[in-house]
Amino acid sequence: MYEELLEMIENKKYKSVKESLLEMHVQDIADLLEQIESPSDIIKVFRLLPKDIGAEVFSYIESDIQEKLVTALSDKEISYIIEEMYIDDAVDFMEEMPGNVVERVLRASNKETRLMINKYLGYQEDTAGSIMTPEFIDLKENTTVSTCLKRIKRLGENVETINVMYITDQARVLKGVVTIRDILLAEEDAKIGDIMDDNVIYAETSTDQEEIARIFKQYDFIALPIVDKEKRLVGIVTVDDIVNVIEEEATEDIALMAGATPSEKPYLKTSSFRLWINRIPWLIFLLLSATFTGLIISKNESVLSTGIYGILLTACMPMIMGTGGNAGGQASATIIRGIALNEIEFKDSLKVMWKELKVSLLIGVSLSVLCFGKIMLLDGLLFKTEGVTAVSSLVISISMLVTIVISKLVGCMLPLLAKKCHLDPAVVANPFITTIIDILSLLIYCNLAIAFLF
């Protein structure tokens, strides 16, 4: 898409580049900057942009490129960019920068902006306060529609949205909400208090950003008012911020479910050392926990490796463990997603267990019958594996049934217990559950085999 532009940049045809940039959307310009390899070329191309467009593009580019630009730009240029950015975008930028860059940016900003940024940086990470913006239009109940329209025209250019506005009293306590549609359709001399909706849904600054995302989904909001403990309106969260939150939370859950610490940077921009740091803790834990499976096998080795059934039982171990792990993984993934969508809570534990018990019995019986036929026909007749009898096949099939039932119950309950303990349910996903189920399945398998065959 950008090959021609990149070639012009490489050939230093900056006049043509500038003409092309002026015809592009700001997000596309940000994508182009991220594809330029030379830091000096990034700076040159950025300086080709008019100041207002450059400030808007700056909020869309990756943090590592932002840092390079801030390092190269003058204090005056930095000040203009920060002043033109919405406060929530400026705060997001600050949170990604090292201390020396933050210090320089704050020093270059005017006093009002500096105070506002410092205030928002003080909110706890991943809360409504950390992602909200103070750039909204508030109205008073006794104001007429015509006066409100004048206020909207005067302030609208500098706020994130004019689709929704909020009504506050003199103490800035939230009283109601009104849409631009309501205002445009009302009589000019009508009072805002008469057309506002006083049943306002809001959140506090300390509300977790995942909960904010759920509110947006439930009510189809484009903006949500954020209040402090005294119900004073301090900011709003807009739908573009929530899209970023959903992406961040999904990325974090996927990483945790794979047994890795989430990375704040894209994969190709994350160093190999950082990836090692993110992945090695879980792998060490899983390596050590796998010791238990080895101990179980060692303890029963003298029994399982002797007699007519030894070869068959040992050969079927991976099948039992793998099926149990997969069954538990299915259950945990379903429950974790249900928790994330606020469909399942800890109080639903008995319902979840009962449902998973029924599912596990249906799956267990189906796979056990298939397992019995597979051992008798494939292993017994085709490969003539030693030890294949109806009794041995039945014991292995029963072991599979019991393993699947236990695996499903473990897989559905661990995420709920994690949520109850205020942990991320994704932490107890596949790697953790698979290790537990490997241990349980081996115990079940070995004890049933010994009880019925030896």
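Could you tell me which of LEU394, ILE226, GLY324 has its Cα farthest along the dipole of the chain towards the positive end, charges placed at Cβ (Lys, Arg +1; Asp, Glu -1), taken about the Cα centre? Toward the positive end, the furthest listed residue is LEU394. Going by a ≥ b ≥ c, the root eigenvalues of the Cα gyration tensor, does the stretch 111-244 fall in the rounded group (a/c under 1.5), the prolate group (a/b larger than b/c) or the oblate group? Prolate. The translational diffusion coefficient of the stretch 1-112, from Stokes-Einstein at 10 °C and 1.306 mPa s with a Kirkwood hydrodynamic radius over alpha carbon pairs, comes to 111 µm²/s. For LYS408, list the aspartates and glutamates whose Cα falls under 18 Å from its own Cα; do not include residues on the same chain fewer than 8 positions away. By straight Cα distance, LYS408 reaches GLU345, ASP348, GLU356, ASP438. As a ratio to 2.2 N^0.38 Å, the alpha-carbon radius of gyration for the stretch 282-431 is 1.21. For each pair in LYS76/LYS265; LYS13/LYS76; LYS51/LYS265; LYS12/LYS111, compute the distance between the two Cα atoms and list the pairs where it is over 31 Å. Pairs exceeding the cut-off: LYS12/LYS111.
Take every DSSP beta bridge with both residues inside the chain and express the antiparallel ones as a percent of the total, to the nearest 5. Here the share of antiparallel DSSP bridges comes out near 80 percent. For GLU247 and THR147, a Förster radius of 41 Å and the Cβ-Cβ distance give a FRET efficiency of 0.55, rounded to the nearest 0.05. Ordered from highest to lowest accessible area with the whole protein assembly present and a 1.4 Å probe, HIS25, HIS422 read as HIS422, HIS25. With no solvent and one point per C-alpha, what does the Debye sum give as log10 I(q)/I(0) for the stretch 308-393 at q = 0.14, 0.22, 0.23, 0.25 Å⁻¹? Listed by q, the Debye log ratios stand at -0.62, -1.04, -1.10, -1.22. Two decimals is fine: what is log10 I(q)/I(0) at q = 0.11, 0.12, 0.17, 0.19 Å⁻¹ for the stretch 207-334, from a Debye sum with one equal scatterer on every Cα and no solvent? These q points yield log10 I(q)/I(0) values of -0.69, -0.76, -1.04, -1.13. With the helix formula -39500 (n - 2.57) applied to DSSP H stretches of n ≥ 4, the chain reaches a computed 222 nm mean residue ellipticity of -21000 deg cm²/dmol. When the C-alpha to C-alpha distance is required to be over 29 Å, the pairs from LYS15/LYS269; LYS68/LYS119; LYS44/LYS150; LYS191/LYS217 that qualify are LYS15/LYS269; LYS44/LYS150; LYS191/LYS217.
Among 9-16, 352-359, 443-450, the peptide with the highest mean count of other Cβ atoms within 10 Å heads the list, and the full ranking is 443-450, 352-359, 9-16.
Counting only protein chain heavy atoms and rolling a 1.4 Å probe, the accessible areas of GLU77, GLU188, GLU264 rank, largest first, as GLU264, GLU188, GLU77. In order along the stretch 281-290, phi translates into HN-Hα couplings of x, 5, 5, 5, 4, 5, 4, 5, 5, 5 Hz, rounded to whole numbers, per the Karplus curve 6.51 cos²θ - 1.76 cosθ + 1.60 with θ = phi - 60° and x for Gly and Pro.
In the stretch 55-101, carbon and sulfur make up what percent of the accessible area (probe 1.4 Å)? Taking all protein chains in place, the stretch 55-101 shows 42 percent carbon and sulfur surface. Taking every eigenvalue of the Cα gyration tensor of the stretch 90-170, multiplying by 5 and rooting it, what semi-axes result, largest first, whole Å? After diagonalising the Cα gyration tensor, the semi-axes are 31, 14, 11 Å. Here the scattering of the chain is modelled by Debye summation over its C-alpha atoms, one equal scatterer each and no solvent; at q = 0.11, 0.12 Å⁻¹ the log10 of I(q)/I(0) is -0.98, -1.07.
The values are calculated or read from the model by the stated rules, or taken from the named source; none is laboratory data. This is a predicted model, so every value here is computed, not measured. Virtual Cβ from ideal backbone geometry, glycine too; neighbours counted across all protein chains shown. For the accessible areas, the whole protein counts, side chains as well, though only heavy atoms, and no ligand, DNA or RNA atoms are used. Shrake-Rupley method; radii C 1.70, N 1.55, O 1.52, S 1.80 Å.
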